[in-house]
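Take a look at the structure below.
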Amino acid sequence: MFQRSSVIEDFGDYNLRGCWLPGPISSLSSVNFNSLSVLNIGFNFLWSKFSIWLLNISSIVFIDLSNNPLYGQISFGLGELPNLHYLDLSENENLTGSLSQLLSGSGKKIEFLNLALNDFLGIFLACSSY
């Protein structure tokens, strides 16, 4: 489905939201996304386990993987991404994980978090600095 391209490697924003893309998200693992800041591939048909290659993109600020049939456990390192401020994993229905581990470390910098309609465990405490 996705093919390696040197053009993709230079993108800061990868926005393919709602393009009806089928296939496993793991096929993106061979692409070098060192400068990627936005990954928006929500509302597609990307069926696969949650991909750990996302944990290697330290420049990423925005991740939207919502409304795909993704499954499996969310890697604990996702909350360690140093620049991540927006995370939408909603409506995948079969993603699992621990909220406390997801939000540990750098995960406290996340300003927008949507985990609706998945199978996460734990208590989410809303905090305010106002």
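The values are calculated or read from the model by the stated rules, or taken from the named source; none is laboratory data. These numbers were taken from a predicted model, which means no experiment stands behind them. Reconstructed Cβ throughout: ideal geometry from the backbone, glycine too, with neighbour counts over all protein chains shown. To get the accessible areas, we keep the full protein, side chains included, count just its heavy atoms, and leave off ligands, DNA and RNA. Shrake-Rupley method; radii C 1.70, N 1.55, O 1.52, S 1.80 Å.
Among the residues of region 23-45, those that are closer than 21 Å to residue 72 by Cβ and at pLDDT 90 or above comprise 39, 40, 41, 42, 43, 44, 45. Checking each residue in region 84-104 for being open to solvent by 20 Å² or more (accessible area, probe 1.4 Å) and closer than 14 Å to residue 40 by Cα picks out 85, 86. Looking across region 84-123, the residues that are charged (D, E, K, R) and under 18 Å from residue 25 (Cα atoms) come down to 88, 91, 93. For residue 48, the conditions (1) farther than 18 Å from residue 101 by Cα; (2) small (Gly, Ala, Ser); (3) modelled with pLDDT of 90 or more all hold with the exception of (3).
When 81, 46, 65 are checked against the criterion of being of a type outside the set (Gly, Ala, Ser), open to solvent by less than 60 Å² (accessible area, probe 1.4 Å) and farther than 14 Å from residue 25 by Cβ, 81 stands alone in meeting it.
Residue pairs, Cβ under 7 Å, 6 or more apart or interchain, first in region 6-29 and among the hydroxyl-bearing types (Ser, Thr, Tyr), second modelled with pLDDT under 65 and surrounded by 13 or more Cβ atoms within 10 Å (Cβ to Cβ). List them. So the pair list comes out as 27/2.
If you go through region 34-43 and keep only what is in a loop (DSSP other than H, G, I, E, B) and open to solvent by less than 10 Å² (accessible area, probe 1.4 Å), you end up with 36, 41, 42.
Of everything listed in (1) under 22 Å from residue 34 (Cβ atoms); (2) within 12 Å of the chain's Cα centre (by Cα), the single unmet condition for residue 83 is (2).
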